[in-house]
Amino acid sequence: MNKTDELVGAAEGVTAVPLGPPVRRFRPRFGIALALTAGAAAVLLLSATPWPHHPAVQAWRTVSLAITVQALPFLLLGTALSGAINAFVPADLFTRVLPKRPFLAVPVAGAAGAVLPGCECASVPVAGSLIRRGVTPAAAFAFLLSAPAINPVVLTATAVAFPGDPAMVAARLLASLATAAVMGWLWLWLGKEEWLRPLLRRRNTGHRHGHSRWTEFRLGFQHDFLHAGGFLVLGAMAAATFNVTVPRSVLDAFSGSPWLSVLFLAALAVLLAVCSEADAFVAASLTGFSPTARLAFLVVGPMVDLKLIALQAGTFGRAFAWRFSTATTVVAVAASVLIGGALL
């Protein structure tokens, strides 16, 4: 173990351990293969054969493309920001700005999520870049969860979607911040560094001699965009499949029960994968459900959905993604019920 590993481990508040023998790293061609697969599927859908013109297939194509196009600008923003952090920001900036104690760094990082006007697709590569720069994972994960849920664009959209109901905006802000902080603290308590091995193998600590900063920015942006973009397309396809196959009657069957409605809308937020800038308008349209159930939709959606799970699996590894997504869903639903019951 070299000196850099020791310094990074100290910055994270954990003891650095050897990561074992080298293993195969991600190659950009994997992301290219995913993109080519998605492109081939699109060509089939646009071909002149009869079945692509079936109404259900056309609806699936529309929803899949809508999710991808809606999220793509923010994915570009996130990967560009991630590349800029790696290439231009001093390696020790974040460890100097955040509190030294990880327990205090978590809520500070969660509150800092308010300054990034993007969706969940942007927060994943940025959080990965922060961890590679020595920020404690607990703080990076608090930022990852809060950034798409409490930034000014999302809160403004929520206020517009729920006119005359400032309590919904306040409830979304408080429940999202509470979820982000609790998940960060849970990572400090139960998280294991081995779950992050795919990311740690790609860890770097900033500018490397022999490369210009713009070259490093270009290479980092290319790597992260191809990596995350392929998983984004797969997640969008999965969300579109659910959106098309579940009938409206299923929604009506769950709206009558207070508890089932909360759980159902939380699950719906995971499966629909609506961008956080637009999910408030979807929630406002679900008038048959209680305000607390719609709050659960707004809190869970930006933190856990199909495309986010795919992006997290590609960035942090599958072992992390499934554990973190499951725990986040439970905490977000609990925070929505408690805060929604008090304010709505």
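The values are calculated or read from the model by the stated rules, or taken from the named source; none is laboratory data. Not measured: the values here are computed from a predicted model. Please note: Cβ atoms are built from the backbone with ideal geometry, for glycine as well, and neighbour counts cover all protein chains shown.
Computed quantities for the displayed model
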| quantity | calculated |
| --- | --- |
| Where a residue in segment 157-172 is under 18 Å from GLY301 (Cβ atoms) and its partner, wherever it lies, is modelled with pLDDT under 90 and polar (S, T, N, Q), with Cβ under 6 Å and at least six apart | VAL169/THR158; ARG172/THR158 |
| Residue among ALA147, ALA161, ALA157, ALA127 that is surrounded by fewer than 24 Cβ atoms within 10 Å (Cβ to Cβ) and within 19 Å of the chain's Cα centre (by Cα) | ALA157 |
| Wholly enclosed helices (runs of 4 or more DSSP H) of segment 96-169 bearing at least 2 residues small (Gly, Ala, Ser) and either at pLDDT below 80 or over 23 Å from TRP195 (Cβ atoms) (or both) | 102-112, 120-132, 152-161 |
| Lone unmet requirement of (1) part of a helix (DSSP H, G or I); (2) free of Cβ contacts under 8 Å to residues at least 24 places away in the same chain; (3) surrounded by fewer than 17 Cβ atoms within 10 Å (Cβ to Cβ) for GLY256 | (1) |
| Any hit, segment 276-287, residues being under 21 Å from MET183 (Cα atoms) and crowded, with 21+ Cβ neighbours inside 10 Å | yes |
| Of the criteria (1) buried (at least 17 other Cβ atoms within 10 Å of the Cβ); (2) over 18 Å from ALA142 (Cβ atoms); (3) modelled with pLDDT of 95 or more, which one LEU338 fails | (1) |
| Pairs with Cβ under 6 Å, 6+ apart, first in segment 316-344 and closer than 18 Å to ARG172 by Cβ, second in a helix (DSSP H, G or I) and among the hydroxyl-bearing types (Ser, Thr, Tyr) | VAL331/THR179; ALA332/THR179; ALA335/THR179; GLY340/THR292; LEU344/THR292 |
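Each row is one residue, and each column tells you yes or no for (1) under 18 Å from the mean Cα position of the chain (by Cα); (2) not small (Gly, Ala, Ser).
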| residue | (1), (2) |
| --- | --- |
| ALA269 | yes, no |
| LEU272 | yes, yes |
| SER285 | no, no |
| GLY301 | yes, no |
| ASP305 | yes, yes |
| ARG323 | yes, yes |
| THR329 | yes, yes |
